[in-house]
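*Asks:* Pasting a structure below so you can have a look.
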Amino acid sequence: MTPSAPSAPRSSPLALTVLALLHYKPLHPYGIQRLVKDWGKEQVVNVRQRASLYRTIERLNGDGLIAVHGTGRDQQYPERTVYEVTDAGRETTRTWLEEMLSAPKREFPEFPAALSNLLLLMPEEVTDVLERRVGALAVKLDGLEAALTAETERGLPRVTRLETEYLRAVTAAELEWVRAVAEDLRAGRLSWSKEQLDALATGPVQE
């Protein structure tokens with residue numbers, strides 16, 4: 001029986017970021033986590049749960065994309081394993097980057113899923129929760145604007161803040177849309193009733 005070919009390493013935003021940071025210099029996991037925060041990349045990758053970072057590092061090491069460089073120690077912390085990117089890791093990083101940049105991935109974020117089920121709420125309830133979202137989005141947009149301003153004032157080249165530009169554009173577009181829907185709800189241009197929902201629920205199922 002012919003053995004099956006090994007599966008390709010599985011990409012993820014966190015795995016890509018770990019590989020990218022190790023292109024600059026060997027790092028231990030805490031150093032990776034600190035750089036993610038210092039460079040503002042926590043906007044696009046989640047390193048709040050350190051366990052997920054360690055699992056990602058273990059997986060990358062097992063796939064041969066990173067390797068142990070040595071151990072590091074300082075006066076404040078115990079001995080730490082330092083990792084470096086391998087040649088296979090450098091090649092995989094380029095492949096993942098090209099795939100992620102060129103092909104939109106089908107994702108399943110929470111907000112569209114909630115929208116698809118909002119008929120379980122009445123219009124006045126949806127108006128309230130969407131107005132709260134408007135407030136949260138406005139705060140988020142202000143934060144992104146401030147981050148962009150700070151990065152520009154620091155003299156950083158535009159390429160280093162493209163992810164912030166993208167998040168600002170997406171957040172601004174969502175804010176505009178949610179505001180419009182909330183206004184339609186308040187004005188009665190968008191509405192439904194329990195009777196309509198009951199009719200939909202008991203209507204004939206299309207084959």
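*Asks:* If you go through segment 181-199 one residue at a time, how many are in a helix (DSSP H, G or I) and free of Cβ contacts under 8 Å to residues at least 24 places away in the same chain?
*Replies:* Of the residues in segment 181-199, the ones in a helix (DSSP H, G or I) are 181-187, 194-199.
Now narrow it down to the ones that are free of Cβ contacts under 8 Å to residues at least 24 places away in the same chain: 183-184, 187, 195-196, 198-199.
Final tally of qualifying residues: 7.
*Asks:* Filter segment 150-188 down to the residues that are surrounded by 10 or more Cβ atoms within 10 Å (Cβ to Cβ), of a type outside the set (Gly, Ala, Ser) and over 18 Å from Val44 (Cα atoms) and list them by number.
*Replies:* Thr152, Leu156, Leu175, Glu176, Trp177, Val178, Arg179, Val181, Glu183, Asp184, Leu185, Arg186
*Asks:* May I pose another question? Under the condition of being part of a helix (DSSP H, G or I) and closer than 8 Å to Leu65 by Cα, which residue from segment 81-97 is most open to solvent (accessible area, probe 1.4 Å)? Steps first, answer last, please.
*Replies:* Kept after step one, since they are part of a helix (DSSP H, G or I), are these residues of segment 81-97: 87-97.
Then keep just the ones that are closer than 8 Å to Leu65 by Cα; that gives 87-90, 92.
Working: Asp87: 127, Ala88: 47, Gly89: 0, Arg90: 98, Thr92: 24 Å².
Filtering first and then ranking leaves Asp87.
*Asks:* Looking at segment 114-130, which of the residues that are open to solvent by 50 Å² or more (accessible area, probe 1.4 Å) and in a helix (DSSP H, G or I) is farthest from Trp177 (Cα to Cα)?
*Replies:* Ranking the candidates gives Leu120 first.
*Asks:* Might you let me know whether segment 131-145 holds any residue that is part of a loop (DSSP other than H, G, I, E, B) and either out of contact with any strand residue (DSSP E or B) (no Cβ under 7 Å at 6 or more places or on another chain) or surrounded by 14 or more Cβ atoms within 10 Å (Cβ to Cβ) (or both)? I'd like the intermediate steps shown before the answer.
*Replies:* At the first step, the residues of segment 131-145 found to be part of a loop (DSSP other than H, G, I, E, B) are none.
Looking for residues that are part of a loop (DSSP other than H, G, I, E, B) and either out of contact with any strand residue (DSSP E or B) (no Cβ under 7 Å at 6 or more places or on another chain) or surrounded by 14 or more Cβ atoms within 10 Å (Cβ to Cβ) (or both), one finds none in segment 131-145, hence no.
*Asks:* Same structure, new question: As an exercise: evaluate Leu130 against (1) modelled with pLDDT of 95 or more; (2) within 20 Å of the chain's Cα centre (by Cα) and give the number of the one condition it does not meet.
*Replies:* It fails just one condition, (2).
*Asks:* Kindly check whether there is at least one residue in segment 11-29 that is at pLDDT below 90 and either open to solvent by 90 Å² or more (accessible area, probe 1.4 Å) or over 30 Å from Val170 (Cβ atoms) (or both). Steps first, please.
*Replies:* In the first step, residues of segment 11-29 are kept if they are at pLDDT below 90; the result is none.
Taking every residue of segment 11-29 in turn, none turns out to be at pLDDT below 90 and either open to solvent by 90 Å² or more (accessible area, probe 1.4 Å) or over 30 Å from Val170 (Cβ atoms) (or both).
*Asks:* OK, next. Surrounded by 10 or more Cβ atoms within 10 Å (Cβ to Cβ) and over 26 Å from the mean Cα position of the chain (by Cα): is that true of Trp192 in this structure?
*Replies:* Details: surrounded by 10 or more Cβ atoms within 10 Å (Cβ to Cβ): yes; over 26 Å from the mean Cα position of the chain (by Cα): yes.
Yes; evaluated as a whole, the condition is true for this residue.
*Asks:* Here is a further query. Is it the case that Arg34 is under 17 Å from the mean Cα position of the chain (by Cα), surrounded by fewer than 19 Cβ atoms within 10 Å (Cβ to Cβ), modelled with pLDDT of 85 or more and farther than 22 Å from Thr171 by Cα? Outline the logic, then answer.
*Replies:* Working: under 17 Å from the mean Cα position of the chain (by Cα): no; surrounded by fewer than 19 Cβ atoms within 10 Å (Cβ to Cβ): yes; modelled with pLDDT of 85 or more: yes; farther than 22 Å from Thr171 by Cα: yes.
The answer is no for Arg34.
*Asks:* Of the residues in segment 31-61, how many are under 15 Å from Leu16 (Cα atoms) and assigned to a helix (DSSP H, G or I)?
*Replies:* Count: 17.
*Asks:* Okay, next question. Looking at segment 165-180, I want the residues that are under 14 Å from Ala136 (Cβ atoms) and in contact (Cβ under 8 Å) with a residue 60 or more places away in the chain and have a partner that is assigned to a helix (DSSP H, G or I) and among the acidic types (Asp, Glu) with Cβ atoms under 9 Å, at least 6 apart or on another chain. Which pairs are those?
*Replies:* Close Cβ pairs (under 9 Å, with a partner that is assigned to a helix (DSSP H, G or I) and among the acidic types (Asp, Glu)) do not exist here.
*Asks:* Name the pairs whose Cβ atoms lie under 6 Å apart, with the first residue in segment 32-59 and touching a residue at least 12 places away in the same chain (Cβ under 8 Å), the second outside any helix (DSSP H, G or I), and 6 or more positions between them or separate chains?
*Replies:* As it stands, the answer is Gln33/Val47; Val36/Val47; Leu53/Val47, since those pairs meet every condition given.
*Asks:* Another question, then. Does Pro109 satisfy the condition of being surrounded by fewer than 10 Cβ atoms within 10 Å (Cβ to Cβ), closer than 17 Å to Val44 by Cβ and not hydrophobic (A, V, I, L, M, F, W, C)?
*Replies:* Values: surrounded by fewer than 10 Cβ atoms within 10 Å (Cβ to Cβ): yes; closer than 17 Å to Val44 by Cβ: yes; not hydrophobic (A, V, I, L, M, F, W, C): yes.
Here the answer is yes, as Pro109 does meet what is asked.
The values are calculated or read from the model by the stated rules, or taken from the named source; none is laboratory data. Since we're looking at a predicted model, the values are computed, not measured. Cβ atoms come from the backbone with ideal geometry, glycine included; neighbour counts cover every protein chain shown. Only protein heavy atoms, including side chains, enter the accessible area calculation; ligands, DNA and RNA are left aside. Shrake-Rupley method; radii C 1.70, N 1.55, O 1.52, S 1.80 Å.
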